[in-house]
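Everything on this sheet refers to the single structure shown next.
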Amino acid sequence: MLLPFIKHNGSEFDVVIMCIPPSSPMLLTRNLLYTGMTRAKKMLIIIGNSNVIDFMISNADTKKRNTGLEEKLKNL
């Protein structure tokens with residue numbers, strides 16, 4: 001069964017397949033890898049170059065997210 005690409009915040013799946021192509025270092029973070037791992041209940045399949053995966057493991061860099069949430073909450 002193929003699931004459409006939609007947000008599944010906090011959801012878990014029996015099998016998670018992560019395709020990790022070479023990309024901008026800004027996108028290849030440890031947090032992304034961790035999220036995929038924690039969504040898999042039974043099996044995680046990672047498809048990608050081992051050098052890219054190693055980079056992700058070592059890349060603990062996080063960026064500040066500009067969601068505007070604070071401003072929206074103030075305007076309630």
Any idea which residue in region 38-59 is farthest from residue 11 (Cα to Cα), counting only those that are of a type in the set (S, T, N, Q) and part of a helix (DSSP H, G or I)?
51
Those residues of region 2-22 which are part of a loop (DSSP other than H, G, I, E, B), on the phi < 0 side of the Ramachandran plot and at pLDDT below 90 amount to 2, 3, 4, 5, 6, 7, 8, 9, 11, 12
The lone condition residue 28 fails out of (1) within 10 Å of the chain's Cα centre (by Cα); (2) of a type outside the set (S, T, N, Q); (3) farther than 24 Å from residue 13 by Cα is (3)
Residue by residue through region 27-54, note down the ones that are touching a Pro at 6+ places or on another chain (Cβ under 7 Å) and of a type outside the set (A, V, I, L, M).
48, 49
Among the residues listed as 74, 42, the single one being more than 15 Å from the chain's Cα centre (by Cα), exposed (fewer than 10 other Cβ atoms within 10 Å of the Cβ), at pLDDT 90 or above and of a type outside the set (Ser, Thr, Tyr)
42
Suppose we filter 35, 62 for residues that are of a type outside the set (Phe, Trp, Tyr), at pLDDT below 90, part of a helix (DSSP H, G or I) and under 13 Å from the mean Cα position of the chain (by Cα); which single one remains?
35
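The values are calculated or read from the model by the stated rules, or taken from the named source; none is laboratory data. Owing to the predicted nature of the structure, the values given are computational and were not obtained by experimental measurement. As a convention, Cβ positions derive from the backbone with ideal geometry for all residues, glycine included, and neighbour counts pool all protein chains shown.
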